[in-house]
1. With a point put 7 Å past each Cα toward its Cβ, work out how far residue A:139 is from residue B:122 in nm, to one decimal.
2. Would you mind giving the average projected area, over all directions, of the Cα convex hull of chain B in nm² with one decimal?
3. With no solvent and one point on each alpha carbon, what is the Debye value of log10 I(q)/I(0) for segment B:46-180 at q = 0.10 Å⁻¹?
4. Looking at segment B:114-260, what % of the alpha carbon pairs are farther apart than 25 Å?
5. Can you give me the three principal axis dimensions of the protein assembly as shown from its C-alpha atoms, in Å, biggest first?
6. Over chain B, calculate the relative contact order: mean separation of alpha carbon pairs under 8 Å at least 6 apart, over the residue count, as a percent.
7. Taking the 0 to 90 degree range and rounding to the nearest ten, how far is the long axis of helix B:161-175 tilted relative to the main principal axis of chain B, both from C-alpha atoms?
8. For residue A:53 and residue B:78, what does the FRET efficiency come to when R0 = 22 Å and r is the distance between their Cβ atoms, rounded to the nearest 0.05?
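Throughout, read-outs are computed from the coordinates displayed, never taken from laboratory work. Everything numeric here is computed off the predicted structure, so don't read it as measured data. Cβ placement follows ideal geometry from the backbone for every residue including glycine, while neighbour counts extend to all protein chains displayed.
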């Protein structure tokens, strides 16, 4: 959230309040983590006219959850009486899995999803760094399918404990 | 009409056409890939094609949204996708080609994605921040599309006698349509001159080198270039686009303005 605070100055109580409300809004596809954990919530901005805007970013251009995410943000703002807050999507710079917070990575692992490695994600078919099993930590694993239940995850299998698991791909 | 006014309106028209071409390429190929859902050779490929199509559909939504903004007539991405007829579509004819067998689909995907990747990398430097942002976002996605297709080019070409033959046939089918990808026609030329569109003719050497590398891995010869009478960029499509649109636009044609 530090980036967002820098954008509007450190002590705007409305921004702080909006961030507080939005920091716990879960991702619709992976409810174990919040939109803030995933870096999908870019921050809150105040324009020269004095209007506040929550700025979101899609993970993939065609992410089907984009609309659901905007709806959950709107619902959370409404539930806390925060009306007349704009919601906008910003593509640039493009979202990367490096924006997933350390806390977010830990929550993903606890939920059974192997988190992405750090370092700018380069999609690749082969020669990716080893993915560790979220259950037994073994790195003796293999990719079963490049895509899983969502575009941002691939399907893997642990060769040690034999459990299948999902991996949040580097992107 | 003064020369200046004419030139400025030409440029505005070219901006709209430019965004349409980019958006229609993505939209039509997304629709073609959507047809494979439930029909790919393996479950993993089924998921891959559907997700590649999903990426392209997302790109199409963004690009057609920009086209609508440039046009300024109140048309959004949905209006442009659902309420135009064949002659108004600006996609290249390569993407409207029927899927054919798995090898032909892979050949089309490789030829298109390798071109789209080279294009989007250059588009990141365009002055229109909407287009450069979409391109920067899409480069990450298309990088994977290209690698998926390139890896299957090698597996099919360097596979069995049958898979090799099918890839050669698929390439022969698709390669007839690549010239259009590198053409700067009269509509887009003023935009290229103004630095607002990538000069696609200059992408050729890089694309040729990449294609040669993958053709070598796949042990296939480069098909001879060919000119065809169809020209998607100016609306002269083949018979296939009409059939695609009859499915893509069915709901809005049968129930105009339907929403949910």
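1. Distance between label points: 4.1 nm.
2. Mean projected area of the Cα convex hull: 14.6 nm².
3. Result of the Debye calculation: -0.38.
4. In whole percent, the share of Cα-Cα pairs in segment B:114-260 beyond 25 Å is 46.
5. So the three principal-axis extents are 69, 63, 43 Å.
6. 23 percent
7. Long axis of B:161-175 versus the principal axis of chain B: about 20 degrees.
8. Computed FRET efficiency for residue A:53 and residue B:78: 0.40.
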